[in-house]
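What follows draws every value from the coordinates through simple rules; no lab data is involved. Worth saying up front: this structure is predicted, and the values here are computed from it rather than measured. Here Cβ is always computed from backbone atoms with ideal geometry, including for glycine, and neighbour counts include all displayed protein chains.
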Amino acid sequence: MARNCKINLRHKDFYPIIGEGYEGFFRGYFYYENQYVTHENFGSLFNEAQLSTMDYSKWNGEYALIFTNEHNTTLVTDMKRSIPLFYSQDSAANWIVQDYITPHEGMDMVMEAEDEFLVTGFVFRDKTLFADWFQVPAVSYVKLAKEAKQTYYYTYVLEKESESIDTFAAELEQVFHDLFDDLATRLKGRQIIIPLSGGYDSRLIALNLVERGLKENITTFTYGRPGNGESTVSKQIADQLGLKWKYFAYDKKMWEDMYKSEEWKDYVVYSSNGVSVAHLQDFPSTKLLVQEEKLEDAVFLPGHSLDYLAGGHLPYESIIDKDFEVSEIQTFIMNKHFRLWELNGEKTYANTNIGRGLIEDIEVYSNYTNERVSSLIDEWNWRERQSKFIINSVRVYEYFGQSWSLPLWDDRLIHFFSKLPADLKYKKYLYDYTLHKMHPDYYSMPQKPGPENSLKNKYGILYPVLRKLYRKKNLYRKYFDEPMEWFGIYPTYKQYIKSLKFSRNGKKYEHPYNINSFIVKDMIEMMKEITK
């Protein structure tokens, strides 16, 4: 066996595995060829030759794998990077593999990674905020030999199928039945926690688990300012389903105290790993829920991220039959994701280093029809924002000693929506149509959307100007209007106003987009303080 690799693993559920021609560590589960695979049977099912030639896109689950043979060490993430892996080299050229990165004095930070993090809330591709530390991106594996070689094992940019809406809806309904049957089997006897926002996705999880007889195992919860709209709907859904429901009131003083606490700083380091903004909104409620319910290894089931997979993030241009320019695709992605802070005096980030890096990602592909562009936009979103920002939010449950699963990121859903034509994905039309057919009492029948539904289409060339005016006006109201009250991280309105712009490395930043805008700025300052 190769011995030039030091493996340091933080999470208790990483278990050693030994098979023919290899040894390593495994965390999680997956389904493969009608078998349910965990660390307990992994070594008996796969030999080294199989692992080294495996099509990992056929492993449906939530897992991370590290295995070493006589030549190299291989690191594998699942389709959504639900369990992160990181690697570096020491002064003796030994590889170091970890499931965490802890910043410490003397570490160098990467300027371009800082820029990416500040603007989006995550770091692109295999970079981290720290020099010489790298991550294994979603849907990829890395072989560590003399050098590190990363390979993506699946692409979302595939040819679309042509079927009637009812044929697709019937197939999607079957996918839901299969994945929730599997989920119910895995959760048998476990305490289940559903963050029930009142939206379509978390509602779907609750409905299907109640149908499968798990009502008594489930506790739902929500939070925010008393009387906020989401918590009202959440309570209605929980009552309709007969589920236990917990509500946690948020106020500005709570956020002020939390944001100053050592516990918050510790959680930021734990959850970020130099890649992702720390998930804020579930932090206080998860802590209180664990304490009040005396939870011990309960399974949290957040509703991430079927609204995205189903087409909720696509621009209206995705249903226009035309060929697109690379710069147009760059603009689609930047408008959606490069917006935590605006650069003073710059219309976009197109001509910055991070904008040019995005062009390189796009130019991996060619033939920019609307169908391929819609898939390309979704693939970038999936590999970058969804895996590193949205899905990484499960670290908050881990931090408080609990388990989690992501049923709406089941790989069967990824494969299904990868083949769906853009006109049925746009604004989640096929998804919402299917939900209505499955649960008509809980989901209304959608109307098929068209470009006329887009605000950008409605206001034309005025849209960018109107959007900027709205955002600027909204900035001054958010401190008082935000139903989550999280701008209480600033004790006074004067302090909040002062935080709306800042300078960094000779550049001026302004017009923060949401609460994460402030958190990323503070996190970079925190990491610089720790590593100086």
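In nanometres, what is the gap between the two model label sites at TYR247 and SER499, each 7 Å from Cα along Cα-to-Cβ?
So the two model labels end up 2.7 nm from each other.
May I ask for the distance between the Cα centers of the stretch 92-151 and the stretch 72-91, given as a whole number of Å?
Centre-to-centre distance over Cα atoms comes out at 10 Å.
Of all trypsin sites (Lys or Arg not before Pro) in the stretch 343-436, which ones are in loop regions per DSSP and have a Cβ with at most 16 other Cβ atoms within 10 Å? Please list the in-between numbers first.
Values: sites: LYS347, ARG356, ARG372, ARG383, ARG385, LYS388, ARG395, ARG412, LYS419, LYS425, LYS427, LYS428; in loops: LYS347, LYS419.
Qualifying residues, ordered by number: LYS347, LYS419.
Between the stretch 161-180 and the stretch 402-427, how many Å separate their Cα centres?
Using only Cα atoms, the two centres lie 12 Å from each other.
Would you calculate the separation in nanometres between label points at GLU173 and LYS507, each defined as 7 Å from the Cα along the Cα-to-beta-carbon direction?
The two pseudo-label positions are separated by 5.0 nm.
So which trypsin sites (Lys or Arg not before Pro) in the stretch 270-341 are both in a DSSP loop and have at most 13 other Cβ atoms within 10 Å of their Cβ?
LYS294, LYS322
Need one number: nm distance between label points at ASN4 and GLU328, each 7 Å from Cα along Cα→Cβ, rounded to one decimal.
My value for the distance between the label points is 4.9 nm.
Taking a threshold of 25 Å on the Cα-Cα distance, which of the pairs LYS58/LYS146; LYS322/LYS427; LYS336/LYS437 fall above it?
In this structure, LYS58/LYS146; LYS336/LYS437 exceed 25 Å between Cα atoms.
May I ask which residue of HIS104, VAL76, TYR15 lies farthest towards the positive end of the charge dipole of the stretch 1-117, with charges of +1 (Lys, Arg) and -1 (Asp, Glu) on Cβ and the Cα centre as origin?
TYR15
May I ask you to list the aspartates and glutamates whose Cα is less than 19 Å away from that of LYS246, ignoring any residue fewer than eight positions away on the same chain?
By straight Cα distance, LYS246 reaches ASP201, GLU216, GLU230, ASP282, GLU292, GLU293, GLU296, ASP297, GLU485.
Between THR232 and ASP297, what's the calculated FRET efficiency when r is the beta-carbon distance and R0 is 25 Å? Round to 0.05.
With R0 = 25 Å, the Cβ-Cβ based efficiency is 0.20.
Once Rh for the stretch 5-152 is found with the Kirkwood sum over Cα pairs, what is the Stokes-Einstein diffusion coefficient at 4 °C and 1.567 mPa s, in µm²/s?
81
How far, in nm, would the chain grow between ASN47 and GLU525 when pulled straight, counting 0.36 nm per residue and subtracting the alpha carbon separation?
On the way: separation 478, 0.36 × 478 = 172.08 nm, distance 4.63 nm.
Length gained, ASN47 through GLU525: 167.4 nm.
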